[in-house]
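Chemist: Sharing a structure below in structure tokens format, with a few things to ask.
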Amino acid sequence: MLPAQQFVSVPRRPLVMGIVNVTPDSFSDGGLFNSFEHALQHATQLVEDGADWLDVGGESTRPGSMPVSVEEEIRRVIPVVEALVGMKHPVSVDTSKPEVMRAAISAGATMINDVNALRAPGALEAVAAGGVGACLMHMQGEPCSMQINPQYHDVVIEVRDFLLQRLHAALEAGVPHERLIIDPGFGFGKTQTQNIQMLRHLDRFCDLGVPVMAGLSRKSMLGKMTGTGVDDRLHASVAAALLAVSKGAGIVRVHDVKATTDALAVYNTVNG
């Protein structure tokens, strides 16, 4: 196994990934952009608002969600990916299925964002053969049951160790280190206390040497802190994104791109 120091360093400027959910049941915007036309309009607006990347997903992974078929996920995702790639927008696809990964790569996606950290049989091979990047996320359990009493001795140490193991697996499969990103998976098999612990110690993931992506936007952990519903978490989401960046996150995955990019513009100016 390679030492952590051999992984790529984090970006010099925090990047913003805009979320494009083409699903009927995502936790925040499910059903709003699940037609081709609405998804394309939404993605175009996110780019105008300053998104560096677009993350297109065709299967909800919210707590309690159920999987969809390969065929349905491809039907939802690939036309949107092809259109966005044709418009020269950088596109990531949020999927755990190797078949969808291969279709997305063929359609021009430059990254696979996998909540399962490429653990499905054939996933590592699909990414390595496709010559694209990958975001490896930690999740304890499965979306349908992950929030039922998640258990850790030390959530930061255990999630960090898992991500390091998946980095090694990706390298050994032939994915270059400069194409790898990690995500500790806020809200994916973690209690409120565990989520807060991970955010408080997010800098401990940065010494793995690859960019850290933080996905905190509109999540229930913010609602529990502020007492707000999912549609009223803009301010909390921007605050969480800034906090993650201050702790070393190189990428923030968000719904509200304009508010986040404006806040980061102030943050980056003050911090040089």
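The values are calculated or read from the model by the stated rules, or taken from the named source; none is laboratory data. The shown structure was predicted, so the numbers you read here are calculated from the model rather than taken from an experiment. Don't worry about glycine lacking a Cβ; one is built from the backbone with ideal geometry, like all the others, and counts go over all protein chains shown. Surface areas here come from the heavy atoms of the whole protein model, side chains and all, with no ligands, DNA or RNA. Shrake-Rupley method; radii C 1.70, N 1.55, O 1.52, S 1.80 Å.
Chemist: Filter segment 167-188 down to the residues that are surrounded by fewer than 16 Cβ atoms within 10 Å (Cβ to Cβ) and in a loop (DSSP other than H, G, I, E, B) and list them by number.
Modeler: Within segment 167-188, G174, P176 meet the criteria.
Chemist: Restricting segment 111-142 to residues that are farther than 29 Å from N195 by Cα and not aliphatic (A, V, I, L, M), which is surrounded by the fewest Cβ atoms within 10 Å (Cβ to Cβ)?
Modeler: Among them, the one singled out is G131.
Chemist: Restricted to segment 200-222, and to residues that are under 28 Å from V20 (Cβ atoms) and among the small types (G, A, S), which residue is farthest from the chain's Cα centre (by Cα)?
Modeler: Selected residue: S220.
Chemist: Oh, and also: Of all residues in segment 231-256, which are part of a helix (DSSP H, G or I), farther than 23 Å from V210 by Cα and in contact (Cβ under 8 Å) with a residue 40 or more places away in the chain?
Modeler: Listed by number, the list holds a single entry, D231.
Chemist: Among the numbered conditions (1) touching a residue at least 60 places away in the same chain (Cβ under 8 Å); (2) surrounded by 15 or more Cβ atoms within 10 Å (Cβ to Cβ); (3) polar (S, T, N, Q), tell me where N195 comes up short.
Modeler: (1)
Chemist: Consider I105 carefully, then state whether it is more than 21 Å from S220 (Cα to Cα), of a type outside the set (D, E, K, R) and touching a Cys at 6+ places or on another chain (Cβ under 8 Å).
Modeler: Numbers: more than 21 Å from S220 (Cα to Cα): yes; of a type outside the set (D, E, K, R): yes; touching a Cys at 6+ places or on another chain (Cβ under 8 Å): no.
Here the answer is no, as I105 does not meet what is asked.
Chemist: For segment 58-72, does any single residue satisfy the condition of being farther than 23 Å from E99 by Cα and of a type in the set (D, E, K, R)?
Modeler: Taking every residue of segment 58-72 in turn, none turns out to be farther than 23 Å from E99 by Cα and of a type in the set (D, E, K, R).
Chemist: A further question follows. Just one of the numbered conditions (1) more than 18 Å from P150 (Cβ to Cβ); (2) of a type in the set (A, V, I, L, M); (3) part of a helix (DSSP H, G or I); (4) touching a residue at least 24 places away in the same chain (Cβ under 8 Å) is not true of A265; which one?
Modeler: A265 satisfies all of (1) more than 18 Å from P150 (Cβ to Cβ); (2) of a type in the set (A, V, I, L, M); (3) part of a helix (DSSP H, G or I); (4) touching a residue at least 24 places away in the same chain (Cβ under 8 Å) except (4).
Chemist: Test each condition in (1) under 30 Å from Q140 (Cβ atoms); (2) in a helix (DSSP H, G or I) for Q45 and report the one that comes out false.
Modeler: Every listed condition holds for Q45 apart from (1).
Chemist: For segment 50-65, does any single residue satisfy the condition of being in a helix (DSSP H, G or I), open to solvent by 30 Å² or more (accessible area, probe 1.4 Å) and free of Cβ contacts under 8 Å to residues at least 40 places away in the same chain?
Modeler: Quick first cut of segment 50-65, residues in a helix (DSSP H, G or I) only: none.
There is no residue in segment 50-65 that is in a helix (DSSP H, G or I), open to solvent by 30 Å² or more (accessible area, probe 1.4 Å) and free of Cβ contacts under 8 Å to residues at least 40 places away in the same chain.
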